[in-house]
Amino acid sequence: MAIVSADSLAIIESLGLRPVINAMGAPSRLGCTVLSAPVRAAMDAAAQHCIPIAEMQERASTVIAEVTGAEAGCVASGAAACLFLGAAACIAGEDRAAIDRLPDTTGLRDEIAIHRAHRNPYDHAVRATGARLVEFGYLGGPSGVGTHRWQLEAALSQKTAAIYYLSAITEQVLPLSTVVEIAHQHGVPVLVDAAGVGGPPANLRRLIEHGADLIAVSGGKAIAGPAASGVLAGRRDLIQSATLQQQDMFVYPDLWRVPLSSGEEEAVEPPHNGLGRAMKVGREEVAGLIVALQEYMKRDHEAERRRWSEICGRIAAALLGVPGVSATAAPPERAWADVALSFADPASARRVARSLETGRPRVFVGTMSIPRAELHISPYSVRDDEVQPLIDRLCNAIRDNYDSV
Ligand SMILES: *Cc1c(COP(=O)(O)O)cnc(C)c1O
């Protein structure tokens, strides 16, 4: 795990800021994860030179294609931005007038079919294009399998632009391969939210192999690139549309070349700035993401997994004799390593989280399970030099809470 440079803390403090120990994983609210020295060096280098963004995006496309097995790719400011661009691409295609009209979808195919079980707070990104979600399938125990094929078929119409699929949720939904089969029978693309897919690139490649037309991946999560980066990978024509709608079009028509083209096609006029212009990325993000993707292909994912398990084991062992908590490290075969801390009641879990976030050094842990009286520790972004301070803070905060009640 990356070593911090000697002056980085001094610079952060000179800005009037204090870093925290990130024991939450790669959360956007902490700026995702710590970047490796080569990724930081690429960002620093890009900051020192101006480079045409279109050329950087084409270079990124080649690397994204290598990593994911897709035909092409582009970079936007996060997986949410990529979902937005992907939806806009499915709606407008290469129709310049349609690109110009969005988010007004009058006369366009603008329905996106979605499993009820896949509705989530990130689907704003898709709806923001002007698309209307058409839900199918059921939720909850009495629905049995949740979704039948005929329900998806019935949700498709002449107005369907795409089917959205959330790869993280596999219960109450049709398998991706079935969704792809039905979608392609109807000539409809499938847009997969793969933002948080972890582990090696094979896990992304599998989605493309299953026939996903577009996948949106966070640059700052498993890829360990810049927090404000995301990958949209998939069919070349859709990536081209996304690119047309994202890149700046403040350009003299004769001097413009269609992105991702050989340059030998007949000259065409560019569209005006599209809806995705608000999701631009800078040189630093694209450069950092390219290096992060290259590292992601080569990283020893098994060794990383072992390191996380070791950290989790150390934390669980240290908390063994501490009253008021029971700590369980996830078994090594689980995709994401973590330690679950179980308390007597939600109020205790909440008090401990609050004390961790406000003490010194500040520690941020997973708090979404407080209603179940649990906190979660993720080792993903914890540097080697932070493991002991993290353990000390956990022991003290939990003891203090126990002593106070
Ligand atoms: C994190 C996440 C997103 C958003 O990704 P960003 O890269 O932060 O934009 C979208 N969908 C899911 C399922 C996520 O986990």
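The values are calculated or read from the model by the stated rules, or taken from the named source; none is laboratory data. Everything quoted here is computed from the prediction, not taken from an experiment. Don't worry about glycine lacking a Cβ; one is built from the backbone with ideal geometry, like all the others, and counts go over all protein chains shown. Remember, those area values only see protein heavy atoms, side chains included, never the ligands or the DNA or RNA. Shrake-Rupley method; radii C 1.70, N 1.55, O 1.52, S 1.80 Å.
Helix 387-404: angle to the longest alpha-carbon principal axis of the chain, degrees 0 to 90, nearest 10?
That works out to roughly 60 degrees.
Carbon-plus-sulfur fraction of the accessible area of the chain, 1.4 Å probe, in percent? Walk me through the intermediate numbers first.
On the way: 10270 of 18790 Å².
In the chain, the share of accessible area belonging to carbon and sulfur is 55 percent.
For the chain, what does -39500 (n - 2.57) per DSSP helix run (n ≥ 4), summed and divided by total residues, give at 222 nm, in deg cm²/dmol to the nearest 500? Mind dumping the intermediate values first?
Numbers: 14 runs with 159 residues, N = 405.
When only DSSP H runs of four or more count, the value is -12000 deg cm²/dmol.
Hey, rough spin-label estimate for Arg119 and Glu333, points 7 angstrom out along Cα→Cβ, what's it come to in nanometres?
Taking the simple label geometry, Arg119 and Glu333 are separated by 3.5 nm.
When Lys and Arg each count +1 and Asp and Glu each count -1, what net charge do the other residues less than 12 Å away from Arg101, Cβ to Cβ, add up to?
Values: positive: Arg96; negative: Asp95, Asp100, Asp104, Asp110.
Net charge in that neighbourhood comes out at -3.
Where nothing but the Cβ of Lys and Arg (+1) and of Asp and Glu (-1) is charged, how large is the charge dipole of the chain around its Cα centre, in debye to the nearest 20? Show your work: numbers first, answer last.
Working: 38 positive and 46 negative charges, 247 e Å.
Value, rounded to 20: 1180 debye.
Restricting to the range 152-270, compute how many DSSP beta bridges are antiparallel as a %, nearest 5.
Working: 5 of 12 bridges.
The answer is about 40 percent antiparallel.
At what distance in nm do the modelled label points of Ala97 and Glu66 sit from each other, each positioned 7 Å from its Cα along Cα→Cβ?
According to this spin-label approximation, the distance is 4.2 nm.
Averaging sequence separations of C-alpha pairs under 8 Å and six or more residues apart, then dividing by the length of the chain, give the relative contact order as a whole percent.
22
Once the other residues with Cβ under 13 Å from the Cβ of Val405 are scored (Lys, Arg +1; Asp, Glu -1), what is the net sum? Write down the numbers at each step before the final one.
Numbers: positive: Arg350, Arg351, Arg399; negative: Asp345, Asp400, Asp403.
That works out to 0.
Give the relative contact order (percent, whole number) for the range 96-204; include only Cα pairs under 8 Å separated by 6+ residues.
Values: 156 pairs, mean separation 28.5, N = 109.
Answer for the range 96-204 is 26 percent.
Kindly provide the GluC sites (Glu not before Pro) of the range 245-323 that DSSP labels as loop, not H, G, I, E or B, and whose Cβ sees at most 13 other Cβ atoms within 10 Å.
Details: sites: Glu264, Glu265, Glu266, Glu284, Glu285, Glu295, Glu302, Glu304, Glu310; in loops: Glu264, Glu265, Glu266.
Sites meeting the loop and neighbour criteria: Glu264, Glu265, Glu266.
Using the Cα gyration tensor of the chain, with a ≥ b ≥ c the square roots of its eigenvalues, what is the shape: rounded (a/c below 1.5), prolate (a/b larger than b/c) or oblate (neither)? Display every interim value, and only then the final one.
Numbers: a/c = 2.27, a/b = 1.44, b/c = 1.57.
Because a/c hits 1.5 or more and a/b fails to exceed b/c, the chain counts as oblate.
Using alpha carbons only, how many degrees (0 to 90, rounded to 10) separate the axis of helix 283-298 from the longest principal axis of the chain?
It works out to around 70 degrees.
What FRET efficiency comes out for the pair Thr358/Asn203, r = Cβ-Cβ distance, R0 = 25 Å, nearest 0.05?
Details: r = 37 Å, r/R0 = 1.47.
Computed FRET efficiency for Thr358 and Asn203: 0.10.
Given the peptides 235-248, 349-362, arrange them by the average over their residues of other C-beta atoms within 10 Å, most packed first.
On the way: 235-248: 23.3, 349-362: 16.7.
In descending order of packing, they fall as 235-248, 349-362.
Between the helical axis of 301-318 and the dominant principal axis of the chain, each derived from Cα atoms, what acute angle in degrees is found, rounded to the nearest 10?
Approximately 30 degrees, to the nearest ten.
May I ask you to order 79-85, 126-132 by the average number of other C-beta atoms within 10 Å around their residues, highest value first?
On the way: 79-85: 28.9, 126-132: 19.9.
Going by the mean number of other Cβ atoms within 10 Å, highest first, we get 79-85, 126-132.
Please list Asp384, Asp345 in order of solvent-accessible area, largest first, computed with a 1.4 Å probe with all protein chains present.
Numbers: Asp384 95, Asp345 60 Å².
Heavy-atom accessible area, descending, gives Asp384, Asp345.
Any idea what the dipole of the range 107-189 comes to, in debye rounded to 20, about its Cα centre with Lys/Arg Cβ at +1 and Asp/Glu Cβ at -1? Present the calculation step by step, with values, prior to reporting the outcome.
Details: 7 positive and 7 negative charges, 31 e Å.
Here the size comes out at about 140 debye.
If ligands, DNA and RNA are left out, what is the accessible area of His124 with a 1.4 Å probe, given in Å² to the nearest 10?
120
Among DSSP beta bridges lying fully in the chain, give the percent that are antiparallel, nearest 5. Let's see the in-between values first.
Details: 19 of 38 bridges.
Bridges in the chain that DSSP calls antiparallel: roughly 50 percent.
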